[in-house]
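Undergrad: Let me give you the structure first, and then I'll get to my questions.
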Amino acid sequence: MSEIPKIVEAFILPHLTAPYELVDVEWEKMGGDMILSILVDKETGGVSIDETAELSEIISPLLDTIKPDPFPKEGYLLEVASPGVERPLKKAEHFEKSIGENVFVSTYHKIESEKEFIGELLKFEDGVLTVNVAVKNNKTKQIEIPMSAIAKAQTMVKF
């Protein structure tokens, strides 16, 4: 896996001041292009399109000053965006803020014969999520998932 998201996060974090918070940095190939996505949010109210444009104008020149340059010679596309309603959960703070919300979690290995879980995040303690998931006959059960076992996690909109 590329080190670019870690390098970019460490570099821009000190430059991203309140009311903004860095949610995630992603480095992905889309078609023939590499995309650097920087997901930013605010404590209240969310981030507007105008704000993402302003942040892009601030972040883009900052990225050009990273030494040594971690980016490929072919270049990349920069996307500064809101994480949206179904936001990624990667850090302890993300899980703590999402207690009581519906979440989707996929794991690297099976936990109680499953690798994917959808349910309410009940608690997050000592690096372990407790998720209330639906089972047969309209019943639920609590599943404990260590953060180290998580391949992907995000909030989910419940309809």
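Every number in this text was worked out from the coordinates using simple rules, so none of it is lab data. In this text the structure is predicted, and so the values were computed from the model without any measurement. Neighbour counts are summed over all protein chains in view; Cβ atoms, including those assigned to glycine, are modelled from backbone coordinates with ideal geometry.
Undergrad: Pulled fully out, how much extra length does the chain show between residue 49 and residue 13, if you take 0.36 nm times their separation in residues and subtract their Cα-Cα distance?
TA: Separation in residues times 0.36 nm, less the Cα-Cα distance, equals 10.9 nm.
Undergrad: Okay, moving on. Which of the pairs 115/158; 67/158; 90/136; 73/97; 6/141 have their Cα atoms more than 32 Å apart in this structure?
TA: 67/158; 73/97; 6/141
Undergrad: Let me ask something else about it. Using a Förster distance of 30 angstrom, determine the FRET efficiency expected from the C-beta separation of residue 112 and residue 26, and round it to 0.05.
TA: It comes out at approximately 0.55.
Undergrad: For helix 49-63, what angle does its Cα long axis make with the longest principal axis of the chain, in degrees from 0 to 90 and rounded to 10?
TA: Approximately 60 degrees, to the nearest ten.
Undergrad: Taking the number of other C-beta atoms within 10 Å as the exposure measure, put 79, 43 in order starting with the fewest.
TA: Fewest to most other Cβ atoms nearby, the residues stand as 43, 79.
Undergrad: Right, another one. Tell me whether segment 38-92 comes out rounded, prolate or oblate; compute the Cα gyration tensor, take square roots of the eigenvalues as a ≥ b ≥ c, and use a/c under 1.5 as the rounded threshold.
TA: Prolate shape, in that a/c is at least 1.5 and a/b is the bigger ratio.
Undergrad: I've got another one for you. Roughly speaking, what is the centre-to-centre gap between segment 1-71 and segment 85-137 when only Cα atoms are used, to the nearest Å?
TA: A separation of 26 Å, based on Cα centres.
Undergrad: Mind checking the dipole of the chain: about its Cα centre, +1 per Lys or Arg Cβ, -1 per Asp or Glu Cβ, Debye to the nearest 20?
TA: For the chain, the charge dipole is close to 780 debye.
Undergrad: Would you be so kind as to identify which of 108, 128, 148 lies farthest towards the positive end of the dipole of segment 92-155, taking Lys and Arg as +1 and Asp and Glu as -1 on Cβ and the Cα centre as origin?
TA: Value computed over the given set: 108.
Undergrad: Related question: Kindly provide the helix-only [θ] at 222 nm of the chain, computed as the sum of -39,500 (n - 2.57) over DSSP H runs of four or more divided by all residues, to the nearest 500 deg cm²/dmol?
TA: Mean residue ellipticity, 222 nm, calculated: -5500 deg cm²/dmol.
Undergrad: Another question, if that's okay. What value in Å³ per residue do you get for the convex hull of the alpha-carbon atoms in segment 4-81?
TA: Cα convex hull per residue, to the nearest whole number: 88 Å³.
Undergrad: May I ask for the percentage of alpha-carbon pairs in the chain that lie more than 22 Å from each other?
TA: Percentage above 22 Å: 50.
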